[in-house]
Amino acid sequence: MFANGQTVVQLMEQLAPKHYAVENDKIGLQLGTLNKEVTKVLVALDVTAEVVDEAIAVGAELIIAHHAIIYRPLAKLDTSTPPGKLYEKLIKHDIAVYISHTNLDVAEGGINDWMADMVGIEAAGRTSLEDVHTDKLYKLVVFVPQSHHEAVLQAIWKAGAGGIGAYDCCSFNIEGTGTFLPGEGAKPYIGKEGKLERVQEIRVETIVPQSVQRKVVQAMMKAHPYEEVAYDLYAMDLKGRSFGLGRAGKLNEPVKLGELVERVKEVFDVPYVRLVGDPNRQVKKAAVLGGSGARYYRHALFAGADVLITGDIDYHTAHDALAAGLSIIDPGHNIEKIMKPRVADWLTRELKERKYGTVAIPSAIGTEPFIFV
């Protein structure tokens with residue numbers, strides 16, 4: 001059995017929820033339909049003509065990419081232009097294109113965390129450079145028969161409920177009596193149609209972040225034995241965790257800036273980088289940001305970083321950073337290609353776990369537009 005396109009996207013949005021995206025970012029379905037069976041997903045950084053040909057060759061019905069193919073509203077669709085030809089080929093071959101951009105940057109276990117891991121930034125104490133989303137918190141209240149109390153608790157905790165600060169599995173449980181009268185056609189787990197029932201139940205209260213709300217409710221419904229589950233979700237004024245762009249933190253061990261350059265070249269598979277700063281400088285704390293990070297050099301300074309690793313640094317920003325005492329390693333925008341194998345592996349694993357035959361494949365096409373000479 002193969003997954004529907006909408007199912008694939010729902011899984012992708014568990015990794016990178018849409019509400020994590022920066023305002024006005026061009027994410028989501030940009031072309032085609034998700035209402036179809038998908039046997040193969042091609043994961044790409046950019047959707048170029050060569051990547052579309054690759055999708056056709058491997059038989060992919062869906063491309064999940066990081067960079068949008070439609071940046072601004074189209075006044076017309078001229079198929080004689082390069083973009084028009086691209087859209088035409090995708091439509092003719094019924095290939096949908098879905099974009100996961102800044103939401104994948106922001107997400108825990110997304111591009112910026114992958115970058116931080118690769119350059120050796122410790123996970124403990126790691127912070128974002130700029131917060132863009134704070135999880136809303138909800139209180140979940142559900143009434144569970146005593147026989148399934150523990151099963152429901154474990155299910156909702158596993159799905160992400162019950163976290164308060166550094167504490168997990170937080171809940172409050174009150175015993176009481178529930179009443180219900182099964183109507184005509186009902187198939188109650190306890191009781192009989194037309195007979196008023198009184199059942200010893202436990203009222204479970206716990207905290208649910210917005211980012212996992214759907215997942216928690218689905219897990220609760222699956223673990224709960226009742227045909228109709230009695231539950232409530234209350235919005236809370238308390239703020240949950242914040243999520244943001246970039247990462248900063250201590251390196252696993254101090255290194256010279258020149259040594260860090262060689263590490264960056266190796267882990268991101270780039271032949272050259274642009275360096276701002278003294279190669280002999282000792283570096284203890286680093287910041288990373290996928291994509292264009294020129295406007296974030298002050299954020300890196302505020303985070304106490306000695307060096308910022310990001311792409312697309314302009315001349316004047318380089319001078320400003322140097323004067324402020326911040327080193328910069330610019331390996332280019334294309335290092336975000338690290339998302340291809342990681343997203344493909346994650347999706348394939350999640351699909352397999354749900355017994356789908358659909359597989360995700362990382363694009364083998366390089367989309368670096370610059371040639372280093």
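All of the numbers you see were taken from the coordinates with simple rules; none came from a lab. None of these values were measured; they are calculated from a predicted model. Neighbour counts run over all protein chains shown; Cβ positions are idealised from the backbone, glycine included.
Available extension along the chain between Ser80 and Glu122 is 10.1 nm, counting 0.36 nm per residue and deducting the alpha carbon span. Note that segment 51-56 has calculated 3J(HN,Hα) couplings of 5, 5, 4, 5, 4, 5 Hz, one per residue in order, obtained from phi through the Karplus relation 6.51 cos²θ - 1.76 cosθ + 1.60 (θ = phi - 60°); glycine and proline are x. Just to confirm the number: angle between the C-alpha axis of helix 5-15 and the first principal axis of the chain, 0 to 90 degrees, nearest 10? With both axes taken from Cα atoms, the answer is about 80 degrees. Taking the C-alpha atoms only, the angle from helix 149-158 to the longest principal axis of the chain is near 10 degrees. Of the GluC sites (Glu not before Pro) found in segment 1-95, the ones in coil according to DSSP and having at most 14 other Cβ atoms within 10 Å of their Cβ are Glu23. Taking amide H atoms as placed 1.01 Å from N in the peptide plane, the amide H of Glu130 lies under 5 Å from those of Leu245, each 5 or more residues away in sequence or on another chain.
For segment 246-317, the square roots a ≥ b ≥ c of the C-alpha gyration tensor eigenvalues yield an a/c under 1.5, which makes the shape rounded. With Cα atoms defining each centre, segment 1-19 and segment 117-142 are spaced 21 Å apart in the structure. Placing +1 on the Cβ of every Lys and Arg and -1 on the Cβ of every Asp and Glu, with nothing else charged, gives segment 132-243 a dipole about its Cα centre of roughly 320 debye. Listed from fewest to most Cβ neighbours within 10 Å, the set Met236, Met339 follows the order Met236, Met339.
Near the amide H of Ala360, within less than 5 Å, lie the amide hydrogens of Val41, Thr348, all on another chain or at least 5 residues away, with H placed in the peptide plane. Simple spin-label estimate for Met236 and Gln282 gives 4.4 nm between the two label positions (7 Å along the Cα-to-Cβ direction from each Cα). Bridge orientation summary for the chain: considering DSSP beta bridges with both residues in this region, about 70 percent are antiparallel.
Hey, got a sec? Which chymotrypsin sites (Phe, Trp or Tyr not before Pro) in segment 278-317 land in a DSSP loop and have at most 11 other Cβ atoms within 10 Å?
On the way: sites: Tyr296, Tyr297, Phe302, Tyr315; in loops: none.
When the chymotrypsin sites (Phe, Trp or Tyr not before Pro) of segment 278-317 are filtered for loop state and at most 11 Cβ neighbours within 10 Å, nothing remains.
Cross-linked pairs Lys18/Lys284; Lys215/Lys355; Lys26/Lys340; Lys139/Lys352; Lys92/Lys136; Lys284/Lys337: Cα-Cα separations exceed 30 Å for Lys18/Lys284; Lys139/Lys352; Lys92/Lys136. For segment 246-260, the Karplus equation 6.51 cos²θ - 1.76 cosθ + 1.60, evaluated at θ = phi - 60°, returns couplings of x, 9, 9, x, 6, 6, 3, 7, x, 9, 6, 4, x, 5, 5 Hz by residue, with Gly and Pro reported as x.
How much net charge surrounds Thr134 when only the other residues with a Cβ under 15 Å from the Cβ of Thr134 are counted, with Lys and Arg +1 and Asp and Glu -1?
Overall, the nearby charge balance is -3.
Under 5 Å between amide hydrogens, built in the peptide plane, is the criterion, and for Glu201 it picks out Gly176, Thr177, Gly178 among residues at least 5 positions away or on other chains. Shape verdict for the chain, please, from the Cα gyration tensor: rounded (a/c under 1.5), prolate (a/b greater than b/c) or oblate. In terms of gyration-tensor shape, oblate. Seen through its C-alpha gyration tensor, with square-root eigenvalues sorted a ≥ b ≥ c, segment 1-90 comes out oblate because a/c lies at 1.5 or above while a/b is not bigger than b/c.
Listed by chain and number, the lysines whose alpha-carbon sits under 29 Å from that of Lys192, ignoring those within fewer than 8 places in the same chain, are Lys222. Would you look at the GNM of the chain, springs on alpha carbons closer than 10 Å, and say which of Gly191, Gly304, Gly160 moves the most? Taking springs between Cα atoms under 10 Å, the residue moving most is Gly191. Residues in segment 24-30 carry Karplus couplings, in order, of 6, 5, 8, 10, x, 5, 10 Hz; the curve used is 6.51 cos²θ - 1.76 cosθ + 1.60 with θ = phi - 60°, and Gly or Pro positions show x.
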